[in-house]
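Note sheet for the following structure.
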Amino acid sequence: MSIRDVYIVDAVRTPIGKFGGALAAVRPDDLAGHVVRALVDRTPDLDPARVDDVYFGDANGAGEDNRDVARMAVLLAGLPVSVPGVTVNRLCGSGLEAVIQAARAIALGDASVVVAGGVESMSRAPWVLQKPERAFPAGHQQLHSTTLGWRMTNPRMPAEWTVPLGEGAELIADKHGITREQQDAFALASHRKAAEAWAKGLYDGEVVPCPDVELTRDECIRDATSMEALARLKPSFRPDGGTVTAGNSSPLNDGAAALLLVDEDGLRETGREPLARVRTSAVTGIEPQLFGLGPVEAVRRALGKAGRSFADLRTFELNEAFAAQSLGCLAEWPELDPEIVNPRGGAVAIGHPLGASGARLAGSVAHQLAAAGSGTGLAALCIGVGQGLALVLER
């Protein structure tokens, strides 16, 4: 059986909203439906009925994104009811996992035209109540927030594995001797690059604002922040001597992203030039408390499978869950030129709507390669509970 080439024809995303911000009133299934509809509308030569499947990443799935949000997106987008949809979950890597699974289906000949993406509304993530072990308990019951992090943790899990995500970032700062000042400088650079990219119109070709919502730019970018302002913030996880703050961490966010992937036959039907071609991917595991270093080995494996090195990369989108986590990864890739990493800003500034982020990164790499005209690009994320995921694209 021959392996087919897989092309990314287009990629779109919403502006990323802040927690409780402009997108908080929009249901996650509506966010997903919006980007699917926008993506299909941008390729008018393609009959929507030709979409073989829709893969969507979603990290929480505990609220309005329940019951297979990918299928809900298909229906809400007005695609033919014959188009199926499947929701995948690899926590923070869910959106990129959706892209990888879609590409794999095309490469193996199981599909020709696929939409892949991701969605998350952290604002609308519900509180959940466990069912009691016995009926009619007399005592108080505990609600668990599904917004982020560990909840209802299995007591058999070792305590060192289930530390808060921010404490995991502190552990990486300890491991690599990363200072508070270095983290704040990294965060400041992320905001400045994102603000500059928006000012230059670099996101105009991929961001599709939601209807009836007054948000046309990523909501968490702080154009006027400074090292002095960041230095005034208190540590969030270690009150005494901590280095991880709200300012050098990604915020809580809402948003969605979607990509159109096709084989050669599908490409002809779209009548468009592809942005990029999918080359390889890799996934790896690591100690859960060191989840932030998960991309280190995944990136090396993906590049190795592609027959490429760090020197071959034109652009690299690395999800900035925390500045300490990103700097820890960069410290373990001494061959990598840091100047090519997140050239249009990263998640510290843009935001990290969990299930959508991986799709946003893949789409951004594809658009950057198209703008450059040629080259190799890479998208990678760390993943809670200790995983790393990476995707290599080429043009």
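The values are calculated or read from the model by the stated rules, or taken from the named source; none is laboratory data. None of the values given here were measured: they were computed from a predicted structure. Virtual Cβ from ideal backbone geometry, glycine too; neighbours counted across all protein chains shown. Side chains are part of the model used for accessible areas, which takes the heavy atoms of the whole protein and leaves out ligands, DNA and RNA. Shrake-Rupley method; radii C 1.70, N 1.55, O 1.52, S 1.80 Å.
Name every residue in the stretch 201-232 that is open to solvent by 70 Å² or more (accessible area, probe 1.4 Å) and over 22 Å from the mean Cα position of the chain (by Cα), in order of residue number.
Result: 211, 212, 214, 223, 224, 228, 232.
Applying the selection to the stretch 168-180, what residues are in contact (Cβ under 8 Å) with a residue 24 or more places away in the chain and open to solvent by 40 Å² or more (accessible area, probe 1.4 Å)? Can you show your working first?
Here is the first cut: in the stretch 168-180, the ones in contact (Cβ under 8 Å) with a residue 24 or more places away in the chain are 168-173, 175-176, 178-180.
Of everything in the stretch 168-180, those that are in contact (Cβ under 8 Å) with a residue 24 or more places away in the chain and open to solvent by 40 Å² or more (accessible area, probe 1.4 Å) turn out to be 171, 175, 176, 179, 180.
Which pairs do you get when a residue that is more than 21 Å from residue 120 (Cα to Cα), found in the stretch 139-157, comes within reach of a residue that is open to solvent by less than 80 Å² (accessible area, probe 1.4 Å), reach meaning Cβ atoms under 8 angstrom, with the pair 6+ apart or on two chains?
Pairs found: 141/132; 153/162.
Every residue in the stretch 5-30 that is in a loop (DSSP other than H, G, I, E, B), over 23 Å from residue 278 (Cα atoms) and open to solvent by 30 Å² or more (accessible area, probe 1.4 Å), please.
19, 20, 22, 25, 27 - these are the residues of the stretch 5-30 that are in a loop (DSSP other than H, G, I, E, B), over 23 Å from residue 278 (Cα atoms) and open to solvent by 30 Å² or more (accessible area, probe 1.4 Å).
Considering each of 357, 364 in turn, give the residue that is among the polar types (S, T, N, Q) and either in a strand (DSSP E or B) or closer than 21 Å to residue 247 by Cβ (or both).
So the residue among 357, 364 that is among the polar types (S, T, N, Q) and either in a strand (DSSP E or B) or closer than 21 Å to residue 247 by Cβ (or both) is 357.
For the subset of the stretch 149-160 comprising residues that are closer than 21 Å to residue 235 by Cα and open to solvent by 80 Å² or more (accessible area, probe 1.4 Å), which member is nearest to the chain's Cα centre (by Cα)? Steps first, answer last, please.
Of the residues in the stretch 149-160, the ones closer than 21 Å to residue 235 by Cα are 149-150, 160.
Next cut, open to solvent by 80 Å² or more (accessible area, probe 1.4 Å) only: 150, 160.
Details: 150: 19, 160: 26 Å.
In this case the residue turns out to be 150.
Tell me whether the stretch 349-364 contains one or more residues that are surrounded by fewer than 18 Cβ atoms within 10 Å (Cβ to Cβ), touching a Gly at 6+ places or on another chain (Cβ under 9 Å) and modelled with pLDDT of 95 or more.
First, the residues of the stretch 349-364 that are surrounded by fewer than 18 Cβ atoms within 10 Å (Cβ to Cβ): none.
Checked the stretch 349-364: no residue is surrounded by fewer than 18 Cβ atoms within 10 Å (Cβ to Cβ), touching a Gly at 6+ places or on another chain (Cβ under 9 Å) and modelled with pLDDT of 95 or more.
Out of 95, 63, 33, which single residue is out of contact with any Asp or Glu (no Cβ under 8 Å at 6 or more places or on another chain), among the small types (Gly, Ala, Ser) and either surrounded by fewer than 22 Cβ atoms within 10 Å (Cβ to Cβ) or part of a strand (DSSP E or B) (or both)? Please lay out each step first, then the result.
Details: 95 fails: either surrounded by fewer than 22 Cβ atoms within 10 Å (Cβ to Cβ) or part of a strand (DSSP E or B) (or both); 33 fails: either surrounded by fewer than 22 Cβ atoms within 10 Å (Cβ to Cβ) or part of a strand (DSSP E or B) (or both).
Unique residue meeting the criteria: 63.
Failed condition for residue 128, given (1) over 20 Å from residue 12 (Cβ atoms); (2) open to solvent by less than 20 Å² (accessible area, probe 1.4 Å), with all others met?
Of the numbered conditions (1) over 20 Å from residue 12 (Cβ atoms); (2) open to solvent by less than 20 Å² (accessible area, probe 1.4 Å), the odd one out for residue 128 is (2).
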